[in-house]
Amino acid sequence: MKIVRYQIDNGLVYYGELKNNSIRRILNFSFCHINYDYGEETLVSEATILAPVTPEKVIGLAYNYKDLVGEKTTYDEPLVFLKSPESIIGPNDVINVFEGEVTWAEVELVIVIGKEGKDICLENAAQHIFGYTIGNDVTMANIHGRDHHLARSKALDTFCPVGPYIETSLLVKNLSLIHEINGVLFQKGNTDNRILNDYESVALVSRFIKLKPGDIILTGTPANAMNSLINGGNRVHMEITNLGVLSNQVRFK
């Protein structure tokens with residue numbers, strides 16, 4: 001099932017099920033279940049598609065792809081970091097960057113949490129996953145080498161585009177990840193190349209942070225992220241198998 005969050009002419013925001021070119025409004029949306037009641041249908045062309053989540057917590061994993069860290073016999077545990085809820089924007093929204101500051105974009109498979117949990121074991125991790133979407137972990141270079149993965153690197157407003165929808169029944173094995181800037185390919189990866197899979201990622205994060213419905217986990221990015229530099233006027237295009245396309249314009253603040 002493809003779940004979108006959308007706005008129509010009356011200014012109200014709804015969740016709905018996306019099918020072909022129409023959206024069927026969900027009357028009782030919850031991340032905890034998918035036994036929904038439905039209302040009226042709206043054409044996609046008559047709706048504005050928003051970020052599919054408004055999470056309390058935006059959690060990321062760093063160095064979770066083997067092609068990024070280099071082939072090894074054993075791998076270190078990925079780093080865990082936070083982005084701010086204000087970093088979330090949706091498809092076709094604008095990424096604001098600072099002119100003169102080195103900034104890049106990273107394509108990532110995103111886990112959407114559906115069930116609250118802490119210290120989740122591997123065997124139960126699947127029960128806590130609602131679905132998946134595409135994420136862009138926009139990152140600014142360190143401030144004098146002191147700010148890596150902290151506020152001014154990762155958590156700025158607009159630094160986490162997500163969308164265009166949540167897929168609740170995705171098979172995550174062997175998914176292709178594509179990242180283009182102005183039509184030029186910068187990243188091409190595969191989810192099979194991750195160090196931790198989805199269940200391991202949920203288990204790791206929940207050791208430190210209680211996960212709640214609607215929270216998201218960005219599961220890392222493939223190689224060539226730091227060469228994927230973005231500047232005002234760029235168009236960033238990200239695509240993951242069976243998750244559609246996440247596209248955003250970049251603008252200087």
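The values are calculated or read from the model by the stated rules, or taken from the named source; none is laboratory data. Please read all numbers here as calculations on a predicted model, not as lab measurements. Reconstructed Cβ throughout: ideal geometry from the backbone, glycine too, with neighbour counts over all protein chains shown. Calculation scope for accessible area: heavy atoms of the full protein, side chains included, ligands and nucleic acids excluded. Shrake-Rupley method; radii C 1.70, N 1.55, O 1.52, S 1.80 Å.
Numbers below:
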quantity	calculated
Any chance K2 is modelled with pLDDT of 95 or more, open to solvent by 10 Å² or more (accessible area, probe 1.4 Å) and among the basic types (K, R)	yes
Residue check, E71 free of Cβ contacts under 8 Å to residues at least 12 places away in the same chain and within 25 Å of I178 (Cβ to Cβ)	yes
Qualifying positions in segment 45-65 - open to solvent by less than 60 Å² (accessible area, probe 1.4 Å) and not in a strand (DSSP E or B)	A47, A51, P52, V53, P55, K57, N64
Residue within segment 81-97 that is assigned to a loop (DSSP other than H, G, I, E, B), hydroxyl-bearing (S, T, Y) and surrounded by fewer than 21 Cβ atoms within 10 Å (Cβ to Cβ) present	yes
Test: residue in segment 184-196 that is farther than 20 Å from V69 by Cβ, at pLDDT 95 or above and among the polar types (S, T, N, Q)	no
Positions within segment 226-238 being at pLDDT 95 or above and either hydrophobic (A, V, I, L, M, F, W, C) or more than 21 Å from K154 (Cα to Cα) (or both), in sequence order	L229, I230, V236, M238
Strands (runs of 3 or more DSSP E) contained in segment 212-253 and holding at least 1 residues among the basic types (K, R)	235-240, 245-252
Near pairs, Cβ below 6 angstrom, 6+ apart or cross-chain, from segment 136-150 (within 12 Å of L82 (Cα to Cα)) to any residue that is among the acidic types (D, E) and part of a loop (DSSP other than H, G, I, E, B)	D137/E106
Residue within segment 73-80 that is within 17 Å of E108 (Cβ to Cβ), open to solvent by less than 90 Å² (accessible area, probe 1.4 Å) and not in a loop (DSSP other than H, G, I, E, B) present	yes
Residue, most open to solvent (accessible area, probe 1.4 Å), within segment 135-190, restricted to residues that are closer than 23 Å to D215 by Cβ and small (G, A, S)	S169
Search result, residues across segment 118-134 that are open to solvent by 10 Å² or more (accessible area, probe 1.4 Å) and either of a type outside the set (S, T, N, Q) or under 16 Å from T158 (Cα atoms) (or both)	K118, D119, I120, C121, L122, E123, A126, H128, I129, F130, Y132
